[in-house]
Each structure stands twice: as structure tokens, then as C-alpha cells.
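The structure appears right after this line, and notes come after that.
The values are calculated or read from the model by the stated rules, or taken from the named source; none is laboratory data. None of these values were measured; they are calculated from a predicted model. Backbone-built Cβ (ideal geometry, glycine too); neighbour counts: all protein chains shown.
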Amino acid sequence: MSIDEAVRAASARTLIATGVGFADGDYKPVEQINVSVLDYGFTRSDVTYDVVHVWDGRFFRLEHHLDRFLASMAGLRMSIPHDRDAIRSILMECVRRTGLREAYVAMLCTRGRPPAGVRDLRQCRNRFVAYALPFIWIASPEKQQSGLAAAIASRPRIAPQSVDPTIKNYHWLDMERSLFEAYDAGADTVILPSLDGTVTEGPGFNAFAVVNGTVVTPDSGVLEGITRQTVIDICGRNGIPVEVRPVPLAEFRDADEIFLTSTAGGVMPVTRLDGRILGNGAPGAMTMRIRDLYWTWHREEAETTPVDYGC
Ligand code: PLP
């Protein structure tokens, strides 16, 4: 079976199950997991999260996601009564209870609420929630066949000096408003510039370009995506030149190929940028090579952790 066929077959299978979540010591249907309207995670977006996926019954790069989640919580001075091993077990159990072979698995920590009448952040009880859902695609496998139409937003990404994008967060208003702008222009998604006129990222993904055979991606002002790192590693191991550096918008607009990376979709080709057709209008050869390697790595033991489904 080709990678494309495997991706399509897996995407059809994920339609059958609903999700399972964990909160306050219990596993429940995901619809029953709630966050209080008084939680600062809701009222102030004072929350961090991470998303890992399960593919064909195996977590992909789970330890990388746990590293990032723990670093994000530390960055926001949050603490929960579950250590790394406990979080891993909770994620495992959420997936096991859904029985899903392909899953979108989220973990998050909200600031919580301070005691009544108090506004001291240090007195908030931070709240951990996790859940597993059927795999979610930013761009469906069908859409990935033709490639996405992307737009460059007129609005810059929130400055990293204000909200650190390496701490995975829900500060998405800049991206959501830009998405509407992109829809109006007939695009599927949007990539936001920095205040300095370089490329940053978009709603749920990092951005890459291929310029004269070299794969380039921004070095800062972005979430350090696990898929982004996987692509960098793939390039490294396969002798593909890769540069992590500022990417000026002009260079990006002129690139031979563009692709986006996310846990929710993998390596996603862009074939139109602001209406300009890239190459011959089909996903580029380098993008497809990296995409194939990305999905092939999902079968490697060193990159994956099997889910224990029990029976
Ligand atoms: N950038 C942003 C803003 C994101 O929200 C995400 C994923 O949700 C990414 C990049 C891609 O990160 P990863 O590859 O770890 O999924």
C-alpha cells in the first residue's frame, strides 16, 4: 500500500469513534469534560496545551511532545499533581478507551481559579485535562493531493516579545481574523508575517519553503513544532540541505515549493500563494519526498510508542 493509500484508509477508519477525556481523576466521554467560565484559562487565555497523534496504533514522537508540554507549563509557572510518567499513562489510557488506531491526543493545563475574593495568580489551582479524539486533519488527504491555497495575512503575528510562541498557547485571535481574510480571498488558510516582514506561522502549522533545492523555515517567532523538527531531522538524515533562519516574505513568495507542517496533518503541500500558482500547480517533488519520509517514519520503532490496547 502506498503512503497516500495508507493515509486515506486511516482517515476513513477514524470516522467511527468519539472521544474520551480525563479530568479531575476520572475518564469520561469527551463531551463531559468542562472548563469553568471562571477559569483564567478561559477568561485570560492563561493556558498551555500540546497535541500528539497516534498513527496506526502508535504515538509519534510522544517524548518530544511531553518535553514541550512540561517546558510550557514550567514557562507559565504551572504545576499539576501528575508527573511525566503519569501524564504519559493518562494519554495512553484515553486512547485505549477510544480504541482509536488514529487519534488526535491533547493535554492541557489551565491556570484555574484563585480562591473566592482573591486575585493572586499564585493561589490558583492549575487544572490538567487530556483527551483523545478521532484524528483531525488541518487539510484532508484529498485536499493534500491537490495542495492548499494559502494567503499571506495583512496582519502580523503577535510579537514573540509579548506572547512567547514557543510556549504552545491559545492566543489565536490574530490567526483567526486572518483566516477570515484568507477565506474572503478564496484561500484555504493563511500564513502570518512578523513585524519585520519575515514569515512566521499559521493557524496550527509551521511554514517551509524550498528555494533552489534548499529547505528553509523560520528560526524564531514560531512554535517549535514537533513536525517542523521532524522535517529538519528528515532533511538531515537524507542529505537534503536545510536552513533554519529568517525567511523574508519576498523570498517566500518567490519560492519553488511551499509546505506546511503540523501534528494535525503532517506535511501539507501549498500549490497557490496569494493566487500565484507554484511550479506546475501540483505539489512539489521535494515536498512529496519529505511527506513520504514523514509517514514512513511513523513505522519506525525509534520514533513511535505503541498504544497498549489491552486485548
Ligand atoms: N504553530 C502553531 C501556532 C501551532 O498551533 C502548531 C500546532 O498546533 C504548530 C505550529 C505545529 O506544531 P506541531 O508540529 O508540534 O503540531
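Taking region 282-300 as the region of interest, how many residues are in contact with a strand residue (DSSP E or B) (Cβ under 9 Å, 6 or more places away or on another chain) and free of Cβ contacts under 8 Å to residues at least 40 places away in the same chain?
Residues that pass the stated criteria total 2.
Can you name the residue in region 244-303 that is part of a strand (DSSP E or B), among the hydrophobic types (A, V, I, L, M, F, W, C) and within 16 Å of the ligand (Cβ to nearest atom) and, of all such residues, is farthest from Asp184 (Cα to Cα)?
My answer is Val244.
Against the condition more than 18 Å from Lys168 (Cα to Cα) and either within 16 Å of the ligand (Cβ to nearest atom) or assigned by the TED database to the domain that holds Thr166 (or both), how does Asn206 come out, does it pass?
No, not satisfied.
Can you spot a residue in region 142-164 that is farther than 30 Å from Asp274 by Cα and modelled with pLDDT of 95 or more?
no
Can you tell me which of (1) in contact with a Cys (Cβ under 6 Å, 6 or more places away or on another chain); (2) crowded, with 22+ Cβ neighbours inside 10 Å is the one Pro114 doesn't meet?
All conditions pass for Pro114, except number (2).
Among the residues of region 256-264, is there at least one that is among the charged types (D, E, K, R), free of Cβ contacts under 8 Å to residues at least 60 places away in the same chain and not assigned by the TED database to the domain that holds Leu62?
yes
Can you tell me which of (1) of a type outside the set (D, E, K, R); (2) surrounded by 22 or more Cβ atoms within 10 Å (Cβ to Cβ); (3) more than 17 Å from Asp274 (Cα to Cα); (4) under 17 Å from the mean Cα position of the chain (by Cα) is the one Ala207 doesn't meet?
Single failed check for Ala207: (3).
Just give me the residues in region 209-223 being more than 8 Å from the ligand (Cβ to nearest atom) and over 20 Å from Gly284 (Cβ atoms), in sequence order.
Asp219, Ser220, Gly221
Just checking, which of Arg68, Arg13, Arg88 is modelled with pLDDT under 95 and either in the same structural domain as Val118 (by the TED database) or in a helix (DSSP H, G or I) (or both)?
Of Arg68, Arg13, Arg88, the one residue that is modelled with pLDDT under 95 and either in the same structural domain as Val118 (by the TED database) or in a helix (DSSP H, G or I) (or both) is Arg13.
Name every residue in region 180-198 that is away from the ligand (no atom under 12 Å from the Cβ) and not hydroxyl-bearing (Ser, Thr, Tyr), in order of residue number.
Those that are away from the ligand (no atom under 12 Å from the Cβ) and not hydroxyl-bearing (Ser, Thr, Tyr): Phe180, Glu181, Ala182, Asp184, Ala185, Gly186, Ala187, Asp188, Pro193, Leu195, Asp196, Gly197.
Tell me whether region 147-157 contains one or more residues that are touching a residue at least 24 places away in the same chain (Cβ under 8 Å) and over 21 Å from Glu181 (Cα atoms).
Looking through region 147-157, none of the residues is touching a residue at least 24 places away in the same chain (Cβ under 8 Å) and over 21 Å from Glu181 (Cα atoms).
Which condition from (1) within 15 Å of the ligand (Cβ to nearest atom); (2) loosely packed, with under 15 Cβ neighbours inside 10 Å; (3) touching a residue at least 40 places away in the same chain (Cβ under 8 Å) is the one that Trp172 breaks?
Condition (3) is where Trp172 drops out.
Please work out which one of (1) under 30 Å from Thr271 (Cβ atoms); (2) buried (at least 18 other Cβ atoms within 10 Å of the Cβ) is the condition Glu142 fails and give its number.
So Glu142 meets the others, but not (2).
Which one of the conditions (1) under 23 Å from Asp219 (Cα atoms); (2) in contact with an Asp or Glu (Cβ under 9 Å, 6 or more places away or on another chain); (3) not in a helix (DSSP H, G or I) does Asp164 fail to meet, given that it meets all the rest?
(2)
Given the criteria more than 23 Å from Ala302 (Cβ to Cβ), more than 16 Å from the ligand (Cβ to nearest atom) and either surrounded by fewer than 22 Cβ atoms within 10 Å (Cβ to Cβ) or in contact (Cβ under 8 Å) with a residue 40 or more places away in the chain (or both), does Val95 qualify?
Spelling it out, it is not the case that Val95 is more than 23 Å from Ala302 (Cβ to Cβ), more than 16 Å from the ligand (Cβ to nearest atom) and either surrounded by fewer than 22 Cβ atoms within 10 Å (Cβ to Cβ) or in contact (Cβ under 8 Å) with a residue 40 or more places away in the chain (or both).
Looking for whichever is under 20 Å from Ala153 (Cα atoms), crowded, with 21+ Cβ neighbours inside 10 Å and in the same structural domain as Val163 (by the TED database) here; the options are Val216, Val267. Which one fits?
Step by step, each of Val216, Val267 is checked, and only Val216 is under 20 Å from Ala153 (Cα atoms), crowded, with 21+ Cβ neighbours inside 10 Å and in the same structural domain as Val163 (by the TED database).
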